[in-house]
Amino acid sequence: MKQILNNKSLLYLIILVILFIICGLVYVFIPKKPTSIEEEVTEESTIYFEYNNVALKPGETFQLETQFSDNNQREVIYVSNDESVATVSSTGEITALKEGITNIDALIASGEETSIQVVVSKETIALVEIIPIEEIKINSSNVSIKSGQAYQLSYDVLPSNATNKEIMWETDDARIATVTDTGLVTGRTSGTVTLTAYSTNNVVASINVTVEALTVTLTSLELAPYSMTIGVGDTYQLTTYYSPSNITNKSTQYSSSNSSIVSVNGSGLITGVKSGSAVITATSNGKTASTTITVDQSINIIQVTSISSISSLNLSVGESSNISVTFLPSDATNKNLVWVSSNKNVATVDNKGKVTAVSNGTSTITIKSTNGKTSTVIVTVEGESTVEATEVLLSMSSITLEPGQTKQLRATILPLTASQDVTWFSGQESVATVSSTGLVSALSYGTTTISALSSDGKVAKATIKVSYPDITPATAAKSAPSGSMTEEELTKINAHLASYVDEAEINGFNGKYGNRARVMAAAYWLVYNPYYRVQYVWGYLSQVGDKENFNGWNPEWSSTVGLECQNFVMWSLWQAGAYNNYPTASILQHSTHTSVSSNVSVDEWVNNMGVEAGDIIRRSRTDTANGHWAIVMEVNKEECYILVAHASDPNSDTLLTKYKCGSTFNYQHLYKLPDFYGN
């Protein structure tokens with residue numbers, strides 16, 4: 001029995017050892033659950049979106065697909081920079097709300113982030129038909145506003161379906177009124193100003209705006225002195241005080257209770273006529289004030305024989321000084337004076353002889369007694385202002401120019417007694433520069449900010465957009481270049497094209513498929529500029545898959561080397577950067593190909609073939625024959641037509657052809673481009 005127990009104990013011990021070994025192996029080889037996202041993925045990874053932008057209509061949604069360079073998924077936080085334009089859910093679903101542009105940011109715990117631009121627009125922006133502005137119609141002939149009041153100008157851009165309705169506004173005097181690029185006017189000081197609207201294709205319209213001072217109501221009126229005694233024949237200028245002092249209407253009427261004793265004129269100058277007393281009353285805005293004047297015939301009137309003062313006065317802008325006057329004889333009875341400045345833009349003077357310097361220059365201050373004696377002071381204003389600037393105003397808040405164009409910006413510093421010196425800066429001088437006088441010169445495609453800085457740190461800014469004009473028959477190339485194009489010509493042509501296709505990527509029918517929009521924009525660009533001929537793959541110099549000759553333009557122009565249909569299609573595809581994914585000549589080898597054995601009607605292509613703008617089509621009865629290549633520019637199911645861009649042979653112009661329903665469509669092959677282009 002004891003032996004059996006010993007044997008059982010040994011067996012239990014062996015089983016226990018085996019269990020310990022198994023548990024140890026399980027612990028070592030079974031992966032542990034990470035405690036956080038950071039523990040799960042330790043390698044650094046870049047977060048990115050497949051697309052740079054997406055275009056939606058209000059109400060549409062789009063699901064973002066966030067990707068990582070190491071292909072490991074992570075928790076992502078999505079944020080919309082403007083939720084009034086578009087919102088984004090915690091799972092990355094974008095919902096478009098209203099027209100506008102915003103960015104959606106994607107962030108992960110490590111701090112890495114990326115963003116995508118969302119363009120929300122009610123209408124698809126046409127890549128084919130560009131309609132220029134013909135007229136800017138301002139709906140008011142004249143506008144009158146109060147100082148400090150804002151007024152939104154109403155205007156129409158005609159025709160109403162113009163492609164680019166961008167308008168720039170300019171004020172010819174920012175002191176009187178300023179205007180934003182949306183036509184919002186703000187009155188500042190009284191006066192009349194001309195506001196001018198410009199379109200990007202140089203259509204102009206103007207309107208006059210009158211700014212009136214705010215109506216300040218009189219609360220009380222005083223007449224000084226309250227009482228006085230004068231002699232027969234003596235004169236004296238009464239002083240009228242208004243409260244508040246800046247009332248709008250200071251018109252005042254003066255009257256005498258007995259003009260046979262004391263007379264008074266319209267400006268408050270009294271004259272003693274004979275002995276006695278009379279009450280002089282001033283009336284303004286329904287308020288009255290009065291003073292009692294006594295005339296004493298026994299008073300000995302001593303007339304002023306001469307007055308004198310300093311002959312000259314030097315001031316800096318903003319400074320003030322009081323001028324003292326000496327009367328002869330010193331005991332003259334009437335020492336009232338009238339003060340006049342010959343140039344109030346340089347120096348002003350009040351009725352007590354206080355001179356204030358306004359701007360550099362000279363002004364003559366004339367001092368005159370009531371009996372006609374005079375003296376003059378030459379005031380010279382020079383040097384820097386001692387007054388601090390409170391604000392800098394610019395004549396325009398935004399400007400759109402083409403490369404090579406210029407526009408004069410004007411800066412005004414308030415108050416006007418402050419130094420008007422301005423230092424000008426351009427935020428990006430490769431886009432536009434600005435001279436020391438505010439002349440803006442557009443250089444290349446892009447956007448920058450021009451700043452005007454006062455000497456004491458106040459600044460105003462204007463946005464400068466440099467772009468090329470829309471392609472229209474009016475802006476198309478009229479004739480072929482002769483011989484070789486210069487580097488300058490090539491640079492300008494390429495920059496124009498680049499701006500055009502870049503705009504298409506964002507403003508196309510769907511930003512998600514920006515590359516397809518670029519293809520169409522490049523094709524349309526060549527339609528209107530057929531003489532800028534190119535050679536590309538499947539052309540004279542390149543072989544299939546060859547990237548060696550991807551230099552863009554063929555600088556040599558001739559009547560025998562140019563843009564035949566294969567070059568036209570391949571070059572347009574090349575503009576979307578597809579050579580980063582495929583050799584350009586082999587793009588169509590990666591495209592979904594559908595063919596029909598014979599000609600079919602346009603109706604069949606529109607309704608059943610699934611053809612879309614940006615597709616490539618080919619005319620050939622067989623799959624092996626080369627045939628004629630073209631790009632689909634528009635498919636209109638409502639009006640039932642297909643618009644096609646193509647080039648017939650090296651000597652031909654490119655052209656747009658509209659095939660209407662009911663007619664035969666002589667194309668048999670449809671190529672749906674790879675996902676890189678969108679579908």
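Please work out if S257 is polar (S, T, N, Q), farther than 30 Å from E388 by Cα, open to solvent by 40 Å² or more (accessible area, probe 1.4 Å) and at pLDDT below 95. Considered against the rule, which asks whether it is polar (S, T, N, Q), farther than 30 Å from E388 by Cα, open to solvent by 40 Å² or more (accessible area, probe 1.4 Å) and at pLDDT below 95, S257 comes out as no. Taking the criterion of being surrounded by fewer than 16 Cβ atoms within 10 Å (Cβ to Cβ), modelled with pLDDT of 85 or more and closer than 30 Å to T229 by Cα, the residues of region 337-351 that qualify are V340, D350. Entry remark, region 105-138: residues being at pLDDT 90 or above and either of a type outside the set (D, E, K, R) or outside any loop (DSSP other than H, G, I, E, B) (or both) number 4 in total. Just to be sure before I move on: is T390 of a type in the set (V, I, T) and either more than 38 Å from the chain's Cα centre (by Cα) or closer than 15 Å to S321 by Cα (or both) in the structure I sent? In short, no.
I617 meets all of the listed conditions (1) open to solvent by 40 Å² or more (accessible area, probe 1.4 Å); (2) modelled with pLDDT of 80 or more but one, namely (1).
May I ask you to list the residues in region 158-172 that are in contact (Cβ under 8 Å) with a residue 60 or more places away in the chain and either aromatic (F, W, Y) or touching a strand residue (DSSP E or B) at 6+ places or on another chain (Cβ under 9 Å) (or both)? Spell out the reasoning first.
Step one: list which residues in region 158-172 are in contact (Cβ under 8 Å) with a residue 60 or more places away in the chain, which gives 163-164, 166, 168-172.
Matches in region 158-172: N164, E166, M168, W169, E170, T171, D172.
Being modelled with pLDDT under 75 and either more than 30 Å from T61 (Cα to Cα) or in contact with a Pro (Cβ under 9 Å, 6 or more places away or on another chain) (or both) is a description that applies to D546. Looking only at residues of region 88-102 that are within 12 Å of V120 (Cβ to Cβ) and crowded, with 16+ Cβ neighbours inside 10 Å, we find that the one that is modelled with the lowest pLDDT is I101. Residues of region 214-243 that are in a loop (DSSP other than H, G, I, E, B), modelled with pLDDT under 90 and among the hydroxyl-bearing types (S, T, Y): T215, T217, Y226. On inspection, I450 fails the criterion of being under 21 Å from I176 (Cα atoms) and open to solvent by less than 10 Å² (accessible area, probe 1.4 Å). Residues in region 424-442 that are open to solvent by 70 Å² or more (accessible area, probe 1.4 Å) and touching a strand residue (DSSP E or B) at 6+ places or on another chain (Cβ under 6 Å): F425, Q428.
The single condition among (1) touching an Asp or Glu at 6+ places or on another chain (Cβ under 9 Å); (2) open to solvent by 50 Å² or more (accessible area, probe 1.4 Å); (3) not polar (S, T, N, Q) that K461 does not meet is (1).
Looking at region 382-402 only, could you name the residues that are open to solvent by less than 30 Å² (accessible area, probe 1.4 Å) and in contact with a strand residue (DSSP E or B) (Cβ under 8 Å, 6 or more places away or on another chain)? If you could, list the steps in order and put the result at the bottom.
Narrowing region 382-402 to residues open to solvent by less than 30 Å² (accessible area, probe 1.4 Å): 385, 389, 392-396, 398-401.
Matches in region 382-402: A389, V392, L393, L394, S395, M396, S398, I399, T400, L401.
If you go through region 620-640 and keep only what is open to solvent by 20 Å² or more (accessible area, probe 1.4 Å), modelled with pLDDT of 85 or more and not in a loop (DSSP other than H, G, I, E, B), you end up with E634, V635, N636.
With respect to E113, determine if the residue is surrounded by fewer than 17 Cβ atoms within 10 Å (Cβ to Cβ) and of a type in the set (D, E). Yes, satisfied. Of all residue pairs spaced 6 or more apart or on separate chains, those with beta-carbon atoms under 6 Å, a first member in region 376-400 that is charged (D, E, K, R) and a second member that is outside any strand (DSSP E or B) are E382/N360; E384/S419; E388/D456.
Somewhere in region 642-660, is a residue among the small types (G, A, S), open to solvent by less than 10 Å² (accessible area, probe 1.4 Å) and at pLDDT 85 or above?
Step one: list which residues in region 642-660 are among the small types (G, A, S), which gives 645, 647-648, 652.
If we keep only those that are open to solvent by less than 10 Å² (accessible area, probe 1.4 Å) too, we end up with 645, 647.
This time we only want the ones that are at pLDDT 85 or above, so: 645.
Looking for residues that are among the small types (G, A, S), open to solvent by less than 10 Å² (accessible area, probe 1.4 Å) and at pLDDT 85 or above, one finds at least one in region 642-660, hence yes.
Here T178 fits the description: under 30 Å from T417 (Cβ atoms) and hydroxyl-bearing (S, T, Y). Among the residues of region 584-597, those identified as open to solvent by 50 Å² or more (accessible area, probe 1.4 Å) and modelled with pLDDT under 80 are Q589, H590, S597. Of all positions in region 138-152, none carries a residue that is within 22 Å of the chain's Cα centre (by Cα), buried (at least 19 other Cβ atoms within 10 Å of the Cβ) and hydrophobic (A, V, I, L, M, F, W, C). If the condition is being under 36 Å from the mean Cα position of the chain (by Cα) and open to solvent by 60 Å² or more (accessible area, probe 1.4 Å), then region 189-237 contributes T189, S190, T192, N201, N202, V204, S206, N208, E212, L214, T215.
Hey, any hits in region 244-251 for a residue that's surrounded by 17 or more Cβ atoms within 10 Å (Cβ to Cβ), within 43 Å of the chain's Cα centre (by Cα), outside any strand (DSSP E or B) and hydrophobic (A, V, I, L, M, F, W, C)? Yes. Considering region 288-331, the qualifying strands (runs of 3 or more DSSP E), each wholly inside and each with 1 or more residues that are touching a residue at least 24 places away in the same chain (Cβ under 8 Å) and closer than 30 Å to L218 by Cα, run over 320-322. I'm trying to understand the selection: among the residues of region 661-675, which are outside any strand (DSSP E or B), within 42 Å of the chain's Cα centre (by Cα) and surrounded by 20 or more Cβ atoms within 10 Å (Cβ to Cβ)? Once the filter is applied, which keeps residues that are outside any strand (DSSP E or B), within 42 Å of the chain's Cα centre (by Cα) and surrounded by 20 or more Cβ atoms within 10 Å (Cβ to Cβ), region 661-675 yields only L673. In the condition set (1) surrounded by fewer than 19 Cβ atoms within 10 Å (Cβ to Cβ); (2) part of a loop (DSSP other than H, G, I, E, B), N334 is compliant with all but (1). Selection over region 352-373 of residues that are open to solvent by less than 80 Å² (accessible area, probe 1.4 Å) and touching an Asp or Glu at 6+ places or on another chain (Cβ under 6 Å) gives a count of 1. Within region 299-327, the set of residues being open to solvent by 50 Å² or more (accessible area, probe 1.4 Å), under 13 Å from T348 (Cα atoms) and at pLDDT 90 or above comprises S320, N322. Taking the criterion of being hydrophobic (A, V, I, L, M, F, W, C), open to solvent by 60 Å² or more (accessible area, probe 1.4 Å) and within 60 Å of the chain's Cα centre (by Cα), no residue of region 272-298 qualifies.
The values are calculated or read from the model by the stated rules, or taken from the named source; none is laboratory data. This one's a predicted model, so the numbers in the text were calculated from it and none came from an experiment. Glycine also receives a Cβ, built like all others from the backbone with ideal geometry; neighbour counts cover every protein chain displayed. Quick note on the areas: whole protein, heavy atoms, side chains included, nothing else; ligands and nucleic acids left out. Shrake-Rupley method; radii C 1.70, N 1.55, O 1.52, S 1.80 Å.
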